[in-house]
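The values are calculated or read from the model by the stated rules, or taken from the named source; none is laboratory data. Keep in mind that what you see is a predicted model, and the values were worked out from it rather than measured. So basically every Cβ, Gly included, is an ideal-geometry build from the backbone, and we count neighbours across all protein chains shown.
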Amino acid sequence: MGKQLKILAVDDDFINLKLISSMLRKNTHVGVIIEATNGLDAINILKMQGDIDLVLLDIKMPVMDGIEFLTNIQSMIEFKKLPVIVLTTDETRKHEAFDHGAFDFLVKPIREHDLSSKIAKVADLF
C-alpha cells in the first residue's frame, strides 16, 4: 500500500473541518490528520511538525486566507514543494490558487470519492 500520509486539514468552518476529517479517517492512504482553523495556525503547525505530507486548504478564512498561506509557504524552501489541495465554494479562484502553487483543487461541497482520488494522486508521489 505504501506510505500513509500525514495530512493537515485547514478550514475555518468547524462543520466542514469535521466532515473532511471524517472522510480522511476512512481513507487507507491517510495515517495522521491534524486540523487548523486558519492559515496562520497552519503555518505554525508546519513549522512545529515539519513532516506534513499534504495540506487540504480552504481559501476563505480569517486571520490568514488560503492564498496568503500559499504565498507564505512558497517563500519557505522546506515547504516549497509541499502538495496543497485547495478547497473552496468559489471555482473562479481556481487559477489564482494554481498561480500561487496549489497542487490540485476541489469545489465544495466535497464528495468523498473526489477527495479520495486526489489523495491517491498525492500518495503516488511517495
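Here are the numbers:
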item	result
Scan of the stretch 1-15 for residues that are within 23 Å of L70 (Cβ to Cβ), more than 13 Å from the chain's Cα centre (by Cα) and in contact (Cβ under 8 Å) with a residue 40 or more places away in the chain, ordered by number	D13
When residues of the stretch 6-37 are limited to those that are among the hydrophobic types (A, V, I, L, M, F, W, C) and more than 17 Å from L106 (Cβ to Cβ), the one surrounded by the most Cβ atoms within 10 Å (Cβ to Cβ)	A36
Those residues of the stretch 38-60 which are buried (at least 18 other Cβ atoms within 10 Å of the Cβ), of a type outside the set (D, E), touching a Gly at 6+ places or on another chain (Cβ under 8 Å) and under 19 Å from L115 (Cβ atoms), in sequence order	L57, I59
Residue under evaluation K121, criteria (1) among the basic types (K, R); (2) assigned to a helix (DSSP H, G or I); (3) touching a residue at least 24 places away in the same chain (Cβ under 8 Å), criterion not met	(3)
Any pair with Cβ under 7 angstrom, 6 or more apart, that starts in the stretch 97-109 at a residue that is small (G, A, S) and modelled with pLDDT under 95 and ends at one that is surrounded by 18 or more Cβ atoms within 10 Å (Cβ to Cβ) and in a loop (DSSP other than H, G, I, E, B)	A97/I59
Some residue of the stretch 80-91 being of a type in the set (S, T, N, Q), over 22 Å from L19 (Cα atoms) and modelled with pLDDT under 95	no
Test result for G66, farther than 17 Å from K108 by Cβ and of a type in the set (G, A, S)	no
Selection count where residues are of a type in the set (A, V, I, L, M) and free of Cβ contacts under 8 Å to residues at least 24 places away in the same chain, scope the stretch 16-37	1
